[in-house]
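These notes are about the structure you will find just below.
The values are calculated or read from the model by the stated rules, or taken from the named source; none is laboratory data. Please read all numbers here as calculations on a predicted model, not as lab measurements. Heads up, the Cβs are rebuilt from the backbone with ideal geometry, glycines too, and the neighbour counts pull from every protein chain shown.
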Amino acid sequence: QVIDGLDRGVMSMKKGEVEKESWDMNNQEKIDAAVEKKEEGNVLFKVGKYPRASRRYETAAKYIEYDTDFSEEEKKQRKTLKISCNLNNAACKLKLKDYKQAKKMHTKLLETGSTNVKALYWRAQAYMNMVVLDLAECDIKKALEIDPNNRDVKFEYKILKERVKEYNKKDAKFYGNMFAKLNKLDVNSNVSFRLMISRIYAASILFGDHFLTHFVFVQNSA
């Protein structure tokens with residue numbers, strides 16, 4: 001019903017009436033239009049209409065894209081409003097599981113010098129879903145430095161630590177199985193030896209020189 005209300009609001013415009021383009025608006029009209037679109041986006045977000053909410057936030061941000069002729073007070077309003085629109089839009093991308101775009105948008109926001117806890121927290125969530133756990137941890141720690149008592153961030157940190165433990169176990173099992181198979185090869189057999197060498201070479205490319213060091217140590221200890 002809320003969404004229908006939004007749609008009816010657009011449809012109830014007078015016949016022939018069209019929304020002003022941003023270049024036809026004065027500064028206050030641009031700010032007011034951006035606020036209106038942002039609020040519409042908030043309503044859509046709350047009822048789970050994330051694609052439509054995202055479009056509202058994008059439209060809101062476009063109204064205030066430039067501030068060359070804004071007063072200092074208007075620039076402050078614009079900055080706060082634009083950060084809010086972009087942050088909410090990035091949250092939509094997270095909900096839509098577009099983690100790369102969510103990460104990109106939060107990064108762009110943070111590059112402006114903002115120390116926004118939400119941006120760090122949500123970018124950490126994007127990194128976690130992309131399985132970039134080290135960068136997720138960096139963002140979580142930065143967020144906790146800014147707001148040490150933030151319950152959401154602290155809870156996310158617990159989830160991250162459990163995720164790291166799970167992946168470490170999987171890695172240990174994977175490497176253990178690989179080394180066990182290599183160690184079972186008959187070094188005295190030329191065919192098996194050549195196969196073993198080719199596998200070691202391939203593994204060294206994939207996993208780095210520490211693989212060779214570990215393998216040589218195991219062989220010498222046998």
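The single residue among N129, N88 that is in contact with a helix residue (DSSP H, G or I) (Cβ under 8 Å, 6 or more places away or on another chain) and in the same structural domain as K76 (by TED's automatic domain parsing) turns out to be N88. Taken over region 72-124, residues that are outside any helix (DSSP H, G or I) and not charged (D, E, K, R) amount to 6. Exactly one residue out of K49, K118 is modelled with pLDDT under 95 and basic (K, R), and it is K118. Each residue in region 42-78 was checked for being closer than 19 Å to A119 by Cα and over 22 Å from the mean Cα position of the chain (by Cα), and 1 of them qualify. Taking (1) at pLDDT 95 or above; (2) on the phi > 0 side of the Ramachandran plot; (3) not small (G, A, S) in turn, K141 satisfies each apart from (2).
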